[in-house]
Amino acid sequence: PYIKEINKGSVWADQSFKSTNHFYNPKTKKGMFGYSHALNLVENYYNRALYLYSKKQFSKAMFFLGAAIHIIQDLTIPQHVRVRLLDHHRSFENFVKYTYDLVEDYRSMDPPILLPDVRTYLEYNARIALKVDQTYKDLLPMRVRFFKITLSCLPLAQSTSAGCIILFVQDLNRYQKGH
């Protein structure tokens, strides 16, 4: 029942200059502007969602959960973990947008990936994105590279997003018992 709110939060997370903190390199532990990075931001959004839910502000809570999930998904994209915004970032995102409905293999049939906390989802996705980037960085033509990267990152984004939603429900139970 809250899919609209989750989607609104996901879209909101990318508006104006909020997206400048959607970067994080797990090797350097830095984002685009040093230590202001995706890990700090995702925890902020996620904890705000927990708090708002505990206050029975369900729509607002789902909005911020959507924003947190957006960042988890961003960290499956090589440009977000290499912290290189201009390195074919827009071209890649457009490629995914235009080919998503055409490629069935982009849809994950894997179970949710269950991890202990929201930071671990970012670290997990970022490390895999670096490996994917290393594997395909020299592959040409560009559309073939984008296709191969998308085959890896999109199912990962779906499985970790689903896992994060399960984590949220589990954390809600712990949060409500503690307050």
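Throughout, read-outs are computed from the coordinates displayed, never taken from laboratory work. These numbers come from a predicted model, not from an experiment. Methodologically, a virtual Cβ is constructed for each residue, glycine included, from the backbone with ideal geometry; neighbour enumeration extends over all protein chains shown.
If you wrap a convex hull around the C-alpha atoms of segment 39-78 and split its volume per residue, what is the figure in Å³?
Numbers: hull volume 1.6 nm³, N = 40.
Taking the convex hull of the Cα positions in segment 39-78, it is 40 Å³ per residue.
Dipole size in debye (nearest 20) for the chain around its Cα centre, Lys and Arg Cβ +1, Asp and Glu Cβ -1?
On the way: 24 positive and 15 negative charges, 90 e Å.
About 440 debye.
I need to check one value: relative contact order of the chain, counting alpha carbon pairs closer than 8 Å and at least 6 residues apart, in percent.
Details: 242 pairs, mean separation 45.7, N = 179.
RCO, the chain: 26 percent.
If you take the beta carbon distance between Ser36 and His88 as r and set R0 to 30 Å, what does 1/(1 + (r/R0)^6) give as a FRET efficiency, to the nearest 0.05?
Details: r = 24 Å, r/R0 = 0.79.
My answer for the efficiency is 0.80.
Would you tally the net charge around Met62, using a Cβ to Cβ cut-off of less than 15 Å, leaving Met62 out, and scoring K and R as +1, D and E as -1?
Details: positive: Lys4, Lys8, Arg48, Lys55, Lys56, Lys60; negative: Glu5, Asp171.
Residues near Met62 contribute +4 overall.
For segment 27-179, what number of Lys pairs, 8 or more residues apart or on separate chains, have alpha-carbon atoms under 25 Å from each other?
Close lysine pairs found across segment 27-179: 15.
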